[in-house]
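The values are calculated or read from the model by the stated rules, or taken from the named source; none is laboratory data. Just so we're clear, the structure is a prediction, and the values are computed from it rather than from any experiment. Note: ideal-geometry Cβ built from the backbone for every residue, glycine included; neighbour counts use all protein chains shown.
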Amino acid sequence: MKNKYELIYEGKAKKVFSHEDVDKVIIEFKDDATAFNSLKKARFEGKGKLNCQISAKIFELLINSNIPTHFLELKNENTMIAKKIRVIPLEIVLRNIAYGSLCKQTTIKLGSTLAKPLIDIYLKNDELNDPLITKDRIELLNIVSAKDLDSIIGLTLEINRILQKFFKNIKLQLVDFKLEFGYDLKNNLLLGDEISPDNCRLWDLNQKNDIIVSLDKDRFRNDLGGLIEAYSEINRRINDFI
């Protein structure tokens with residue numbers, strides 16, 4: 001990245017730089033992988049490029065389905081230009097199938113298809129380990145208005161509907177995913193962050209005998225290996241379908 005761009009923020013998987021236009025930013029995807037609140041770390045060459053390419057295509061799909069997002073265009077293979085947003089400190093997790101923390105915290109059997117999509121909301125705070133938060137606590141902390149929280153939930157359900165259909169077409173099962181939202185300079189509510197195998201659980205539907213084959217960051221979390229190969233396979237299927 002050229003020095004004329006100021007680094008605004010660096011997270012676990014991305015760097016955000018200033019842009020000539022004050023209402024835009026440049027987002028560079030890193031090759032770093034983290035899990036368990038950064039207790040586990042590694043670097044995979046090419047991961048940033050793959051996540052950037054996958055996110056761009058999915059954002060375009062959502063924009064064409066009238067979902068407001070921060071994405072504007074790709075700058076290069078691992079960098080995109082997006083609208084500058086004030087990020088709401090909430091992580092919105094939608095679950096279609098029981099997995100991960102849901103099974104650890106409840107009696108729901110791992111792999112169970114949920115009767116309807118479940119939305120869990122977490123406070124985005126590393127120091128507190130991103131705790132599960134209630135609507136009443138969100139109101140108490142004055143994080144976002146009740147009206148905008150309802151809009152976020154509605155958008156999340158619609159995004160799930162669009163993505164479930166899309167991924168099914170490329171033989172992937174959308175198990176769950178995490179979203180972040182924010183406000184642009186005109187105070188419009190937009191989908192932000194990324195949509196990639198880093199924040200979606202995707203299982204390969206080409207498998208037989210109910211064998212679960214993860215094509216997402218669980219390959220890193222669970223020491224399964226083949227993370228770049230899995231991300232590359234998702235990117236290939238998207239490119240073949242679009």
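Sort out for me the strands (runs of 3 or more DSSP E) sitting completely within segment 76-148 that have 2 or more residues that are in contact (Cβ under 8 Å) with a residue 40 or more places away in the chain and β-branched (Val, Ile, Thr).
Working: elements: 79-83, 90-97, 113-123.
Per the criteria, 79-83, 90-97.
Residue by residue, here is whether (1) in the same structural domain as Glu73 (by TED's automatic domain parsing); (2) without any contact (Cβ under 8 Å) to a residue 40 or more places away in the chain; (3) surrounded by 13 or more Cβ atoms within 10 Å (Cβ to Cβ) holds:
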| position | (1), (2), (3) |
| --- | --- |
| Lys12 | yes, yes, yes |
| Phe17 | yes, yes, yes |
| Glu20 | yes, yes, no |
| Val25 | yes, no, yes |
| Asp31 | yes, yes, yes |
| Ser38 | yes, no, no |
| Glu45 | yes, no, no |
| Gly48 | yes, yes, yes |
| Ser55 | yes, no, yes |
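Across segment 7-32, what is the number of residues that are in contact with a helix residue (DSSP H, G or I) (Cβ under 6 Å, 6 or more places away or on another chain) and of a type in the set (D, E, K, R)? Talk me through it step by step, then tell me what you get.
Initial filter on segment 7-32 (in contact with a helix residue (DSSP H, G or I) (Cβ under 6 Å, 6 or more places away or on another chain)): 29-31.
If we keep only those that are of a type in the set (D, E, K, R) as well, we get 30-31.
Total meeting the criteria: 2.
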request  = Among residues belonging to segment 190-228 that are closer than 30 Å to Ser151 by Cα and touching a Gly at 6+ places or on another chain (Cβ under 8 Å), point out the one that is surrounded by the fewest Cβ atoms within 10 Å (Cβ to Cβ).
outcome  = Leu190
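Within segment 56-75, count every residue that is of a type in the set (Lys, Arg) and either in contact with a Leu (Cβ under 8 Å, 6 or more places away or on another chain) or not in a strand (DSSP E or B) (or both).
In the first step, residues of segment 56-75 are kept if they are of a type in the set (Lys, Arg); the result is 57, 75.
After this cut, where a residue has to be either in contact with a Leu (Cβ under 8 Å, 6 or more places away or on another chain) or not in a strand (DSSP E or B) (or both) as well, the list is 57.
Qualifying residue count for the region: 1.
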ask   = Can you name the number of the only condition in (1) in a helix (DSSP H, G or I); (2) touching a strand residue (DSSP E or B) at 6+ places or on another chain (Cβ under 7 Å); (3) of a type in the set (Phe, Trp, Tyr) that Tyr231 fails?
value = (2)
inquiry  = Six or more apart or on different chains, Cβ atoms under 7 Å: show the pairs whose first residue is in segment 186-200 and within 19 Å of Phe36 (Cα to Cα) and not assigned by TED's automatic domain parsing to the domain that holds Ile92 and whose second is outside any loop (DSSP other than H, G, I, E, B) and of a type in the set (A, V, I, L, M, F, W, C).
reply    = none
request  = Go through segment 149-169 and count every residue that is surrounded by 15 or more Cβ atoms within 10 Å (Cβ to Cβ), free of Cβ contacts under 8 Å to residues at least 40 places away in the same chain and either over 15 Å from Phe181 (Cα atoms) or in contact with a Phe, Trp or Tyr (Cβ under 8 Å, 6 or more places away or on another chain) (or both).
outcome  = 1
